[in-house]
Amino acid sequence: MIDEKLQPIFDEVLRRNAGESEFLQAVQEVLESLGAVVAKHPEYAHNALIERICEPERQIIFRVPWVDDRGEVQINRGFRVQFNSALGPYKGGIRFHPSVNVGIIKFLGFEQIFKNALTGLPIGGGKGGSDFNPRGRSDGEVMRFCQSFMTELYRHIGEYTDVPAGDIGVGSREIGYLFGQYKRLTNRYEAGVLTGKGLVYGGSRARTEATGYGTAYFVQEMLATRAADFDGKRVVVSGSGNVAIYTIEKVTEFGGKVVACSDSAGYVVDDEGIDLDLVKQIKEVRRGRISEYAKLKGSTASYVEGGSIWEVPCDVALPSATQNELTGKDARVLIEHGVLAVGEGANMPCTPEAVKLFQEAGVLFGPGKAANAGGVATSALEMQQNASRDSWTFEQTEERLAAIMRDIHRRCAETADEYGKPGDYVLGANVAGFVRVAEAMEALGVV
Ligand code: NDP
Ligand code: 2IT
């Protein structure tokens, strides 16, 4: 429920962003958390501060023409939403997926504001992307697409302005092509303009692993509040991309047994525990489908086409694919199977109904803006290394990441306690993130 004082703000957001369902869903969830804050700190509602947080500072939409391998001209749409720069340059990933539209980029950019604030690092919130579908495209096609995308984007970004990174469909290959074109267009070796770079041209160690590792660290902290840990737990991780792979890696290191993962076509179950080297071979090297896992692994593994991965019984569920992939129906099944904790590796993977069911059932629930903040936090560490022309060891970087995740957990938990909702990480994350942004916005005046 949105507090009656904040309802007119949401009504206006609804009117102005009609039909952008994911964006409206993300705003509604945050506004539902803010009633108690404005009661305690009326100054945060002055000068239309909350209305301003809900309106992007700048939205850029552009045409991306490119030539495919058959010589035919293709047209895609590019986006960059520069949502909030009160705490630092806009920061957030770029998503290439056919489903991308302005509402999805705005939801992601909005979430990013609070996530980035929670890291405690000096980064504002933004997000970008395109409806380009990299599936089945050659390296040459992906390169030409990235070059055309950057040919417009370069004028809007910069190390002090806006620093994109990867997201769905954008990994180190795409970041390399984007950085190459930025360098060519500007004639500047400005490493801090993008993060998620390869190690040989200014990337940070542990950035590839950071989101997944960070999610595992965050969930470990949640489990510890119930005197539990990953050891011996059955874990299900959806997706099999960057976040899923490194979540599986760290959870396994922590003693958990990951028994299932997926892609958009189906899921695999392996009661021996997922063989991560095989998943990496299929997904990172061959860019193949998860169905191949069952064929290659043999009798312990099975592949289920379509269906819901959340039917696989588990103690810990880590949705790490995409928004709204875990519904109320799935949540009921997980609760029936006795799930102890759910951590969002993806952005907003659980529907509002699912979140409510988990919380009512007393399941530990870590929202994405806290649980998956390790990726962007390590991007900020990459920016630090670029600014100081330094390069840290893997251990040093992972130690910083682990400390940041423990800190985010503590801040969310303490904020939930302060507002009389112990264990409510949704409230804790929204409020702790909001307060930091609100204080900066108040100080900076009406801009
Ligand atoms: P990848 O592109 O590496 O992997 C995405 C995975 O999710 C693939 O297995 C993909 O399957 C699956 N997937 C994507 N879209 C859908 C869909 N519509 N339905 C079902 N499955 C789908 O992306 P990431 O791992 O980087 O991102 C995963 C999630 O984590 C996203 O929500 C992203 O926003 C979030 N995130 C990413 C961060 C990062 O640093 N990369 C940081 C924080 C959050 P298929 O191959 O079949 O499409
Ligand atoms: O959703 C996210 O936090 C990301 N895709 C990572 C953003 C970043 O700038 O590293």
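The values are calculated or read from the model by the stated rules, or taken from the named source; none is laboratory data. Keep in mind that what you see is a predicted model, and the values were worked out from it rather than measured. Positions of Cβ are backbone-derived with ideal geometry, glycine not excepted, and every protein chain shown enters the neighbour counts.
The rows are residues; the columns are (1) acidic (D, E); (2) in contact with a Ser or Thr (Cβ under 8 Å, 6 or more places away or on another chain); (3) more than 23 Å from A260 (Cα to Cα).
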{"position": "E325", "(1), (2), (3)": "yes, yes, no"}
{"position": "V333", "(1), (2), (3)": "no, yes, no"}
{"position": "H337", "(1), (2), (3)": "no, no, no"}
{"position": "A354", "(1), (2), (3)": "no, yes, no"}
{"position": "F358", "(1), (2), (3)": "no, no, no"}
{"position": "G362", "(1), (2), (3)": "no, no, yes"}
{"position": "F365", "(1), (2), (3)": "no, no, no"}
{"position": "K369", "(1), (2), (3)": "no, no, yes"}
{"position": "A380", "(1), (2), (3)": "no, yes, yes"}
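Within the stretch 327-377, which helices (runs of 4 or more DSSP H) (wholly inside it) include 1 or more residues that are surrounded by fewer than 21 Cβ atoms within 10 Å (Cβ to Cβ) and more than 16 Å from ligand 1 (Cβ to nearest atom)?
Details: elements: 328-336, 352-360, 368-371.
Fully inside the stretch 327-377 and qualifying: 328-336, 352-360.
Out of the residues in the stretch 286-306 that are over 23 Å from the mean Cα position of the chain (by Cα) and either under 20 Å from H97 (Cα atoms) or β-branched (V, I, T) (or both), which is nearest to ligand 2 (Cβ to nearest atom)? Outline the logic, then answer.
Taking the stretch 286-306 first, the residues over 23 Å from the mean Cα position of the chain (by Cα) are 286, 291-306.
Those left that are additionally either under 20 Å from H97 (Cα atoms) or β-branched (V, I, T) (or both): 286, 300, 304, 306.
Values: R286: 23, T300: 33, V304: 28, G306: 27 Å.
This residue is R286.
Select, from T151, T161, the only residue that is under 30 Å from C412 (Cβ atoms) and either away from ligand 2 (no atom under 14 Å from the Cβ) or at pLDDT 95 or above (or both). Show your work before the answer.
Details: T151 fails: under 30 Å from C412 (Cβ atoms).
The conditions single out T161.
Looking at this structure, is G129 modelled with pLDDT of 95 or more, outside any helix (DSSP H, G or I) and either at positive phi or aliphatic (A, V, I, L, M) (or both)? Spell out the reasoning first.
On the way: modelled with pLDDT of 95 or more: yes; outside any helix (DSSP H, G or I): yes; either at positive phi or aliphatic (A, V, I, L, M) (or both): yes.
Yes.
Here's a check for you: in the stretch 151-181, which residue that is charged (D, E, K, R) and within 16 Å of ligand 1 (Cβ to nearest atom) is surrounded by the most Cβ atoms within 10 Å (Cβ to Cβ)?
Going through the stretch 151-181, the residues charged (D, E, K, R) turn out to be 152, 155, 159, 162, 167, 173-174.
Still in the list and also within 16 Å of ligand 1 (Cβ to nearest atom): 167, 173-174.
Values: D167: 27, R173: 16, E174: 22.
Among those that are charged (D, E, K, R) and within 16 Å of ligand 1 (Cβ to nearest atom), it is D167.
I'm checking my understanding of the structure. Among residues of the stretch 311-322 that are closer than 15 Å to G366 by Cα and not in a strand (DSSP E or B), which one is nearest to ligand 2 (Cβ to nearest atom)? Show your work before the answer.
Of the residues in the stretch 311-322, the ones closer than 15 Å to G366 by Cα are 315-320.
So of that shortlist, the ones also not in a strand (DSSP E or B) come out as 315, 319-320.
Numbers: D315: 26, P319: 14, S320: 11 Å.
Filtering the stretch 311-322 for residues that are closer than 15 Å to G366 by Cα and not in a strand (DSSP E or B), the one nearest to ligand 2 (Cβ to nearest atom) comes out as S320.
Please indicate, with yes or no, whether at least one residue in the stretch 293-309 is surrounded by 15 or more Cβ atoms within 10 Å (Cβ to Cβ) and on the phi > 0 side of the Ramachandran plot. It would help to see each step written out before you state the result.
Within the stretch 293-309, the subset surrounded by 15 or more Cβ atoms within 10 Å (Cβ to Cβ) is 293-294, 297, 301, 303-304, 308-309.
Then drop every residue that is not on the phi > 0 side of the Ramachandran plot, which leaves none.
No - not one qualifying residue is present in the stretch 293-309.
Matching residues to (1) out of contact with any His (no Cβ under 6 Å at 6 or more places or on another chain); (2) of a type outside the set (A, V, I, L, M); (3) under 25 Å from R406 (Cα atoms):
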{"site": "L108", "(1), (2), (3)": "yes, no, yes"}
{"site": "I113", "(1), (2), (3)": "yes, no, yes"}
{"site": "T119", "(1), (2), (3)": "yes, yes, yes"}
{"site": "R137", "(1), (2), (3)": "yes, yes, no"}
{"site": "F145", "(1), (2), (3)": "yes, yes, no"}
{"site": "R155", "(1), (2), (3)": "yes, yes, no"}
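Going by what's in this entry, would E272 be described as over 18 Å from the mean Cα position of the chain (by Cα), assigned to a helix (DSSP H, G or I) and either among the acidic types (D, E) or more than 15 Å from A371 (Cα to Cα) (or both)?
Numbers: over 18 Å from the mean Cα position of the chain (by Cα): yes; assigned to a helix (DSSP H, G or I): no; either among the acidic types (D, E) or more than 15 Å from A371 (Cα to Cα) (or both): yes.
When the stated conditions are applied, E272 does not pass them.
Is there a residue being within 24 Å of L357 (Cβ to Cβ) and not hydrophobic (A, V, I, L, M, F, W, C) anywhere in the stretch 406-415?
yes
Which pairs do you get when a residue that is of a type in the set (A, V, I, L, M), found in the stretch 226-239, comes within reach of a residue that is within 16 Å of ligand 2 (Cβ to nearest atom), reach meaning Cβ atoms under 6 angstrom, with the pair 6+ apart or on two chains?
Once the first residue is of a type in the set (A, V, I, L, M) and sits in the stretch 226-239, its partners that are within 16 Å of ligand 2 (Cβ to nearest atom) give V237/A244; V237/T247; V237/L318; V237/S320.
Looking at the stretch 383-397, is at least one residue touching a residue at least 40 places away in the same chain (Cβ under 8 Å), hydrophobic (A, V, I, L, M, F, W, C) and in contact with a strand residue (DSSP E or B) (Cβ under 7 Å, 6 or more places away or on another chain)?
Scanning the stretch 383-397 turns up at least one residue that is touching a residue at least 40 places away in the same chain (Cβ under 8 Å), hydrophobic (A, V, I, L, M, F, W, C) and in contact with a strand residue (DSSP E or B) (Cβ under 7 Å, 6 or more places away or on another chain).
For T247, which of the numbered conditions (1) outside any helix (DSSP H, G or I); (2) within 18 Å of the chain's Cα centre (by Cα); (3) of a type in the set (S, T, Y) fails to hold?
With respect to (1) outside any helix (DSSP H, G or I); (2) within 18 Å of the chain's Cα centre (by Cα); (3) of a type in the set (S, T, Y), T247 is out only on (1).
Out of the stretch 277-290, which residues are buried (at least 18 other Cβ atoms within 10 Å of the Cβ) and not charged (D, E, K, R)? Please lay out each step first, then the result.
The first filter runs over the stretch 277-290 and keeps only residues buried (at least 18 other Cβ atoms within 10 Å of the Cβ), leaving 279, 282-283, 290.
The answer is V279, I282, I290.
If we scan the stretch 397-410, do we find a residue that is farther than 26 Å from T322 by Cα, in a helix (DSSP H, G or I) and not charged (D, E, K, R)?
Yes.
Please verify whether the stretch 146-160 includes one or more residues that are among the basic types (K, R) and within 29 Å of L427 (Cα to Cα). Even if it seems obvious, please write down each step before you answer.
Here is the first cut: in the stretch 146-160, the residues among the basic types (K, R) are 155.
This time we only want the ones that are within 29 Å of L427 (Cα to Cα), so: none.
No, because not a single residue in the stretch 146-160 is among the basic types (K, R) and within 29 Å of L427 (Cα to Cα).
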